[in-house]
Amino acid sequence: MDVLNVEYMLGLVPVLLGYLPLTLQLAGVGMVLALILACLFAVVRVLGIPVLNQLTIVFISFFRGTPLLVQLFLFYYGLPQLVSALTVIDGVTATIMGLTMHFSAYMAESIRAAILGVDRSQTEAALSIGMTNSQLMRRIVLPQATRVALPTLMNYFIDMIKATSLAFTLGVTELMGATQKEAAGSFLYFEAFIVAAVMYWIVVEMLSKLQHYLEIRLNKAYSR
Amino acid sequence: MIKLASLSKHFGKTVVLDGIDLTIEEGEIVVIIGPSGTGKSTLLRCVNFLEQPTTGTITVGDLTVDVNRASRADILSMRRRTAFVFQNYALFSNKTALQNIAERLLVVDRWPKEKAYQRAREILDQIGLADKADAYPASMSGGQQQRVGIGRAMATGADVILFDEPTSSLDPEWVEEVLGLMKQLASERQTMMVVTHEMSFARDVADRVIFIDGGRIVEQGPPSEIFHNPRDPRTKDFLKKILATNPV
Ligand SMILES: Nc1ncnc2c1ncn2[C@@H]1O[C@H](COP(=O)(O)OP(=O)(O)O)[C@@H](O)[C@H]1O
Ligand SMILES: [Mg+2]
């Protein structure tokens with residue numbers, strides 16, 4: 001075998017770029033839903049709301065304690081079997097469900113820790129000017145917790161982008177699935193997967209830059 | 001008018017406040033003194049329900065609540081009639097000086113933005129920090145932070161401002177500017193309950209000094225009487241010790 005087939009690689013770039021939007025969509029939608037779910041879980045845990053708290057603990061334990069791939073197969077192959085209305089669930093939906101639940105479990109714990117890390121005096125000051133619990137959560141505690149949780153949450157987002165590649169096992173042709181097909185046709189596996197790897201890498205690097213920028217913005221209030 | 005009747009606070013089996021009866025007139029400046037651990041902070045914190053009192057009634061203005069029957073709504077309205085200045089300032093660290101002061105007006109009183117910020121700017125002027133409107137707490141000196149803390153309390157328009165050792169965390173160089181602002185408020189007859197070890201402030205500004213020990217009011221009276229003619233041996237003992245370290 002020759003050295004790298006550079007021409008093939010260059011030709012592959014525009015082809016694979018066409019599948020990048022689906023990859024980003026899976027991760028973007030998954031992240032937004034996971035964040036919403038994680039905030040709800042975190043608040044339930046912090047306030048110790050009876051019943052919901054116990055359910056949340058079990059949910060988090062299950063989705064942290066089992067592999068993402070197993071969860072994806074459960075949703076994709078298992079759910080239609082249980083719920084007859086869902087004779088089929090498409091791969092994109094199953095992937096988004098899996099990513100949402102899996103990552104919300106992790107993110108809930110870091111959001112909870114960040115909320116608990118906000119100094120008690122901030123809550124007391126908010127109460128002392130007559131705020132309600134929901135006002136003080138929204139205006140004082142959550143904004144301060146966000147700053148603390150941001151680096152961890154961004155790391156989960158980066159993980160999630162990479163985890164979208166598992167969707168190809170459910171027959172979704174996103175970046176990984178497309179690469180797999182191209183490589184199978186050309187037998188140039190190394191060339192194809194190195195192009196895909198570099199694409200993931202560039203996306204993640206751009207996100208790291210965004211993370212850095214957001215951290216500077218959120219830390220503005222805390223510099224002397 | 002503020003009226004506390006048979007106010008008690010227990011932490012488990014420990015009795016921290018043991019039946020406090022106290023009436024404060026509108027515009028009166030009351031300074032509370034006493035050894036540490038005798039319940040001075042707890043007393044102030046009970047008045048605005050940062051602590052749930054165990055028994056008693058609290059009256060602020062035209063609202064009277066029996067602490068055991070206080071609903072959430074009662075507690076909220078009691079908190080809205082009282083303001084608190086904390087020993088450690090406790091400014092909202094994610095908000096600027098201006099936003100700290102405007103927060104009450106915006107969120108609790110639901111004033112329109114423009115009106116709330118205009119009022120907050122007036123208060124910043126009064127506390128001498130107009131140039132710090134957009135500064136965050138982390139970039140301000142202790143003295144400046146505590147003045148904003150007082151400004152935040154002023155914005156509430158509360159019937160009484162409760163000060164819990166407002167100068168105890170400050171480096172000595174910032175104490176005077178905070179006491180100066182408190183004197184200014186006192187001269188405007190803002191009703192105040194002040195816990196402090198600053199005996200010169202008590203002497204010069206208070207209408208009444210209250211000595212608390214063991215969760216009870218031991219002795220009270222005008223500053224001249226308490227400082228020059230204390231009757232109870234515990235008051236004498238306390239004053240001797242405190243005046244040795246904080247001379248008037
Ligand atoms: N949250 C609490 N739980 C248990 N004990 C407390 C609590 N807060 C205060 N105490 C106790 O109540 C007593 C009075 O405290 P405090 O009101 O802070 O006194 P002071 O302000 O006069 O120094 C102290 O013995 C303290 O240990
Ligand atoms: Mg105290």
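The values are calculated or read from the model by the stated rules, or taken from the named source; none is laboratory data. Worth saying up front: this structure is predicted, and the values here are computed from it rather than measured. Every residue, glycine as well, gets a Cβ built from its backbone with ideal geometry; the counts of neighbours run over all protein chains shown. Side chains included, ligands, DNA and RNA excluded: accessible areas come from the protein's heavy atoms. Shrake-Rupley method; radii C 1.70, N 1.55, O 1.52, S 1.80 Å.
Structural remarks
- Number of residues in segment B:164-193 that are over 17 Å from B:Ala90 (Cβ atoms), open to solvent by less than 30 Å² (accessible area, probe 1.4 Å) and assigned to a loop (DSSP other than H, G, I, E, B): the value is 1.
- Screening B:Ile101, B:Ile161 for residues that are β-branched (Val, Ile, Thr), buried (at least 18 other Cβ atoms within 10 Å of the Cβ) and either in a loop (DSSP other than H, G, I, E, B) or in contact (Cβ under 8 Å) with a residue 60 or more places away in the chain (or both) leaves exactly one candidate, B:Ile161.
- Restricting A:Ala105, A:Ala113, A:Ala94 to those that are buried (at least 21 other Cβ atoms within 10 Å of the Cβ) and farther than 21 Å from A:Thr173 by Cβ reduces the list to A:Ala105.
- For segment B:79-128, the set of residues classified as in contact with a Gly (Cβ under 6 Å, 6 or more places away or on another chain), within 14 Å of chain A (Cβ to nearest Cβ) and among the β-branched types (Val, Ile, Thr) consists of B:Val85, B:Ile101, B:Val108, B:Ile123, listed by residue number.
- Residues of segment A:148-183 that turn out to be acidic (Asp, Glu) and touching a Leu at 6+ places or on another chain (Cβ under 8 Å), as a count: 2
- Residue count, segment A:1-57 (criterion: open to solvent by less than 40 Å² (accessible area, probe 1.4 Å) and free of Cβ contacts under 8 Å to residues at least 24 places away in the same chain): 4
Listed here are the residues, each with its yes/no results for (1) over 14 Å from the mean Cα position of the chain (by Cα); (2) in contact (Cβ under 8 Å) with a residue 40 or more places away in the chain.
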| residue | (1), (2) |
| --- | --- |
| A:Ile60 | yes, yes |
| A:Arg64 | no, yes |
| A:Leu69 | yes, yes |
| A:Tyr76 | yes, yes |
| A:Leu82 | yes, no |
| A:Ala85 | yes, no |
| A:Met97 | no, no |
| A:Ser104 | no, yes |
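- Enumeration of residues in segment A:116-135 that are facing chain B (nearest Cβ under 9 Å) and either open to solvent by less than 10 Å² (accessible area, probe 1.4 Å) or more than 22 Å from B:Tyr89 (Cα to Cα) (or both): A:Ala125, A:Ala126, A:Ser128, A:Ile129, A:Gly130, A:Met131
- Only one of the listed residues (B:Asp232, B:Asp213, B:Asp204, B:Asp237) is charged (D, E, K, R) and within 16 Å of ligand 2 (Cβ to nearest atom). That residue is B:Asp213.
Rundown of residues vs (1) within 14 Å of another protein chain (Cβ to nearest Cβ); (2) more than 24 Å from A:Ala27 (Cα to Cα); (3) not aromatic (Phe, Trp, Tyr), yes/no style:
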| residue | (1), (2), (3) |
| --- | --- |
| A:Ala178 | no, no, yes |
| A:Ser186 | no, yes, yes |
| A:Glu191 | no, yes, yes |
| A:Ala197 | no, no, yes |
| A:Ile202 | no, no, yes |
| A:Gln211 | no, no, yes |
| A:Lys220 | yes, yes, yes |
| A:Ser223 | yes, yes, yes |
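- Close pairs from segment B:191-212: first touching a residue at least 24 places away in the same chain (Cβ under 8 Å) and farther than 15 Å from B:Val160 by Cβ, partner assigned to a helix (DSSP H, G or I) and aromatic (Phe, Trp, Tyr), Cβ under 8 Å, at least 6 apart: B:Met199/B:Phe227; B:Ala202/B:Phe227; B:Arg203/B:Phe227; B:Val209/B:Phe227; B:Phe211/B:Phe238
- Contact map, segment B:2-31: first residue at pLDDT below 95 and part of a loop (DSSP other than H, G, I, E, B), second residue open to solvent by less than 10 Å² (accessible area, probe 1.4 Å) and away from ligand 2 (no atom under 16 Å from the Cβ), Cβ cut-off under 6 Å, separation 6 or more or different chains; the map is empty.
- Residue within segment B:132-153 that is away from chain A (no Cβ under 12 Å) and farther than 14 Å from B:Asn88 by Cα present: yes
- Test result for B:Phe49, among the hydrophobic types (A, V, I, L, M, F, W, C) and surrounded by fewer than 20 Cβ atoms within 10 Å (Cβ to Cβ): no
- Hey, A:Ala145 within 14 Å of chain B (Cβ to nearest Cβ) and in a helix (DSSP H, G or I) or not: yes
- All told, A:Thr173 meets the bar of being away from chain B (no Cβ under 14 Å), open to solvent by 30 Å² or more (accessible area, probe 1.4 Å), farther than 14 Å from A:Leu12 by Cβ and touching a residue at least 40 places away in the same chain (Cβ under 8 Å).
- Filtered residues of segment B:1-40 (kept if hydroxyl-bearing (Ser, Thr, Tyr) and open to solvent by 40 Å² or more (accessible area, probe 1.4 Å)): B:Ser6, B:Thr14, B:Thr23, B:Ser36
- Of the criteria (1) out of contact with any Asp or Glu (no Cβ under 7 Å at 6 or more places or on another chain); (2) within 15 Å of ligand 2 (Cβ to nearest atom), which one B:Ser71 fails: (2)
- Of everything in segment B:141-168 that is out of contact with any strand residue (DSSP E or B) (no Cβ under 9 Å at 6 or more places or on another chain) and away from ligand 1 (no atom under 16 Å from the Cβ), the residue that is farthest from B:Ala206 (Cα to Cα) is B:Ser141.
- Just so you know, in segment B:26-57 the residues that are over 13 Å from the mean Cα position of the chain (by Cα) and within 16 Å of ligand 2 (Cβ to nearest atom) include one that is nearest to the other protein chains (Cβ to nearest Cβ), and it is B:Glu51.
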